[in-house]
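Let me begin by handing over the structure; questions about it come next.
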Amino acid sequence: MPFEVTILGSSSATPTTNRHPSAQYLNLRDYCMLVDCGEGTQIQMLRYKLKYNRLNHIFISHLHADHYLGLSALLYTMNFHHRENDLFIAGPPGLKEIIDVQFQHSQTRLRFKIHFFETSSTKSEIIWENDELTVQSIPIRHRIHTCAFVFREKELERKINSEQCVFYKIPFACYDMLKAGEDFLTPEGKVIKNEVLTLDPLPSRSYAYFSDTIFDLSFTEYIQGVDLLYHESTFLHELAERAVETFHTTALQAGKMARAAGVKKLIIGHFSARYSNLNLLLDEARSVFEQTELALEGRSFFVEYTDVIFEQLYV
Ligand SMILES: [Zn+2]
Ligand SMILES: [Zn+2]
């Protein structure tokens, strides 16, 4: 099952000639989601052949313009193309009002229903889940109400050990019970332990999105051991004071977050428009955390059960 993150934009504050504001397209076990939706997000999806009609969930970190200005444009297009499926949008208080007022004044009546969820600025919580996935919000430290998001697979069911099940003549009808972790009771009243009949499940995969925030190692408690971490790296560390003033993070600090959290791979992004050579930021983050990559547009990161790999999508 896929567990993929595709970068649509990674520019902070304003677009540049070759970078769009923040947006990412996730395909997690065939559930497609957006995280942030900066200006031009729908054009980026067209460019990389990502279908917006497959999107059923959108998560907006905060209401600075570089993180949500593409949202109403995307909703207009979905409506234009006769979308009918409900859409779930999570974001800070005020987002619903901003969207509503635009549709109100253009006298647009959406054909589909939007379920808005207001994220909390004070507590971390599960904001969406189904049988396979959870999404957790974490209030982080920025100039306005901002949340990070952690996407996790739920613990997968145990796998049947066919050899052992045949040996013990376990009826096929009992397999679901075994996958759920129960022991097997023979007609003679003998208990066969579940671990004899099943194998450990694959580990659950996870992805954390941190943008925008000041450097704060206390957040690592929420993301210990995640497979993939996206962390904003607006500045080089020579501008560490500027990062504090503007509640942003440096590349060096992002590397420190990844190292302290023990993640498998770090993606840095949300680059200031002042940087044309992003390798300076990459080198700085790698000086403390080697497994770092740049959030380049069109780059897809695939979280496998053993590793995280990436490739550039065709443009
Ligand atoms: Zn931003
Ligand atoms: Zn911001």
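Output the qualifying pairs, or none if there are none: Cβ atoms under 9 angstrom, residues six or more apart or on different chains, first residue in region 86-106 and in the same structural domain as Cys147 (by TED's automatic domain parsing) and within 26 Å of His142 (Cα to Cα), second residue among the acidic types (Asp, Glu) and part of a strand (DSSP E or B).
Close Cβ pairs (under 9 Å, with a partner that is among the acidic types (Asp, Glu) and part of a strand (DSSP E or B)) amount to Ala90/Glu118; Gly91/Glu118; Pro92/Glu118; Pro93/Glu118; Gly94/Glu118; Leu95/Glu118; Lys96/Glu118.
Taking region 134-145 as the search range and keeping residues that are part of a strand (DSSP E or B), under 30 Å from Arg242 (Cβ atoms) and hydrophobic (A, V, I, L, M, F, W, C), which one is nearest to ligand 2 (Cβ to nearest atom)?
Checking each candidate, the answer is Ile140.
Filter region 286-308 down to the residues that are β-branched (Val, Ile, Thr) and under 24 Å from Thr234 (Cα atoms), then identify the one that is surrounded by the most Cβ atoms within 10 Å (Cβ to Cβ).
Thr292
Only residues that are charged (D, E, K, R), closer than 21 Å to Glu4 by Cβ and within 13 Å of ligand 1 (Cβ to nearest atom): list them for region 29-76, please.
Hit for region 29-76 is Asp36, nothing else.
Which of the residues spanning region 292-315 are within 14 Å of Ala251 (Cβ to Cβ) and either among the hydroxyl-bearing types (Ser, Thr, Tyr) or not in a strand (DSSP E or B) (or both)?
Thr292, Ala295
Each row is one residue, and each column tells you yes or no for (1) buried (at least 22 other Cβ atoms within 10 Å of the Cβ); (2) at pLDDT 95 or above; (3) touching a Lys or Arg at 6+ places or on another chain (Cβ under 7 Å); (4) farther than 21 Å from Asp212 by Cβ.
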{"position": "Pro21", "(1), (2), (3), (4)": "yes, yes, no, no"}
{"position": "Gln24", "(1), (2), (3), (4)": "yes, yes, no, no"}
{"position": "Asn27", "(1), (2), (3), (4)": "no, yes, no, yes"}
{"position": "Asp30", "(1), (2), (3), (4)": "no, yes, no, yes"}
{"position": "Leu34", "(1), (2), (3), (4)": "yes, yes, no, no"}
{"position": "Cys37", "(1), (2), (3), (4)": "yes, yes, no, no"}
{"position": "Gly40", "(1), (2), (3), (4)": "no, yes, no, no"}
{"position": "Asn56", "(1), (2), (3), (4)": "no, yes, no, yes"}
{"position": "Ser61", "(1), (2), (3), (4)": "yes, yes, no, no"}
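Take residues that are in contact with a Pro (Cβ under 8 Å, 6 or more places away or on another chain) and surrounded by 13 or more Cβ atoms within 10 Å (Cβ to Cβ) and tell me which of the strands (runs of 3 or more DSSP E) falling wholly in region 146-246 contain 2 or more.
146-153
Here is a further query. If only one of Ala65, Ala13, Ala73 is at pLDDT 95 or above, within 16 Å of ligand 2 (Cβ to nearest atom), over 13 Å from the mean Cα position of the chain (by Cα) and of a type in the set (A, V, I, L, M), which one is it?
Ala65
Considering only region 16-56, how many residues are among the hydrophobic types (A, V, I, L, M, F, W, C), under 18 Å from Thr77 (Cβ atoms) and more than 16 Å from ligand 2 (Cβ to nearest atom)?
Counting residues in region 16-56 that are among the hydrophobic types (A, V, I, L, M, F, W, C), under 18 Å from Thr77 (Cβ atoms) and more than 16 Å from ligand 2 (Cβ to nearest atom) gives 8.
Give me a count of the residues in region 247-278 that are β-branched (Val, Ile, Thr), more than 13 Å from ligand 1 (Cβ to nearest atom) and either in a strand (DSSP E or B) or closer than 23 Å to His145 by Cα (or both).
3
So in region 120-145, with the set limited to residues that are polar (S, T, N, Q) and surrounded by fewer than 15 Cβ atoms within 10 Å (Cβ to Cβ), which one is nearest to the chain's Cα centre (by Cα)?
Asn130
Which members of region 185-223 meet the condition of being free of Cβ contacts under 8 Å to residues at least 24 places away in the same chain and within 29 Å of Ser137 (Cα to Cα)?
Within region 185-223, Ser218, Glu221 qualify.
Among the residues of region 253-270, are any within 15 Å of ligand 2 (Cβ to nearest atom) and without any contact (Cβ under 8 Å) to a residue 60 or more places away in the chain?
no
The values are calculated or read from the model by the stated rules, or taken from the named source; none is laboratory data. A quick note: this is a predicted structure, and the numbers were derived from the prediction, not measured. Here the Cβ is made from the backbone with ideal geometry for all residues, glycine too, and neighbour counts use every protein chain on show.
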